[in-house]
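The values are calculated or read from the model by the stated rules, or taken from the named source; none is laboratory data. This structure is a prediction, so every number in the text was calculated from the model and none was measured. When we count neighbours, we look across all protein chains shown, and the Cβ atoms used for this are built from the backbone with ideal geometry, even at glycine. Areas reflect the complete protein model, heavy atoms only, side chains present, ligands, DNA and RNA absent. Shrake-Rupley method; radii C 1.70, N 1.55, O 1.52, S 1.80 Å.
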Amino acid sequence: MSAPIHRLTEDELVPMVDAVLSAETDMIANMANISAMLFEALPEINWAGFYVWRDGQLVLGPFQGRLACTRIPKGKGVCGAVAESWKTLVVSDVHAFPGHIACDAASASEIVVPLVVGDELLAVLDIDSPVKGRFSAHDRERLEKVVSLLAARLTP
């Protein structure tokens, strides 16, 4: 008989991300593991992943969840707005957000955190939920910490 599988909890998220990142410097590998950890630890989400900044637009990177948009122009939708402002956005109702891009019609709320190293935008972390108002100030704090841990691994 095998031991029960331990499911990562929200409280374990930041320490676990820190531990996983400590052994790896590759951005894509770390984004893939972070996406998996977020998808496992955060309840009531249907997508967690990264869009990488390339050639003046966001391009789909590592993620967990349903089919996603592959390219997002700067300034379009929540992710594009974050790419433009370099500031975290928490959107309680994506359908009320001007210019929202509906990659998945089931998504109702969203949080997007920019990954900035030095004076360069590298990517955005995007998390969607089918529940309106899903993301709190505590979620924002926790996810900004996760992104800051990743940024620290990428800083020369």
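Below, the figures for the structure above:
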| item | result |
| --- | --- |
| About the Cα centre, charge dipole magnitude for segment 10-154 (Lys/Arg +1, Asp/Glu -1 at Cβ), debye | 440 |
| Projected-area mean, segment 2-61, by convex hull of Cα positions, square nanometres | 5.6 |
| The chain: DSSP helices with Cα axial extent of at least 18 Å and average Kyte-Doolittle hydropathy no lower than -0.5 | 27-41, 137-154 |
| Packing-based ranking, highest mean first, of 84-97, 52-65 given that Cβ atoms within 10 Å are counted | 52-65, 84-97 |
| Residue order for R134, R71 - accessible surface, 1.4 angstrom probe, largest first | R71, R134 |
| Highest-MSF residue in the chain out of A137, A48, A102 [GNM, Cα springs under 10 Å] | A137 |
| Hits among aspartates and glutamates - C-alpha to C-alpha of K132 under 17 Å, sequence gap 8 or more where chains match | E44, D93, D104, E110 |
| Surface share of carbon and sulfur [accessible, 1.4 angstrom probe, percent] for segment 86-156 | 56 |
| Whole-number D in µm²/s for the chain (Stokes-Einstein; Kirkwood sum over Cα pairs; 20 °C, 1.002 mPa s) | 137 |
| Within a Gaussian network of the chain (alpha carbon springs, distance under 10 Å), most fluctuating of A83, A108, A19 | A19 |
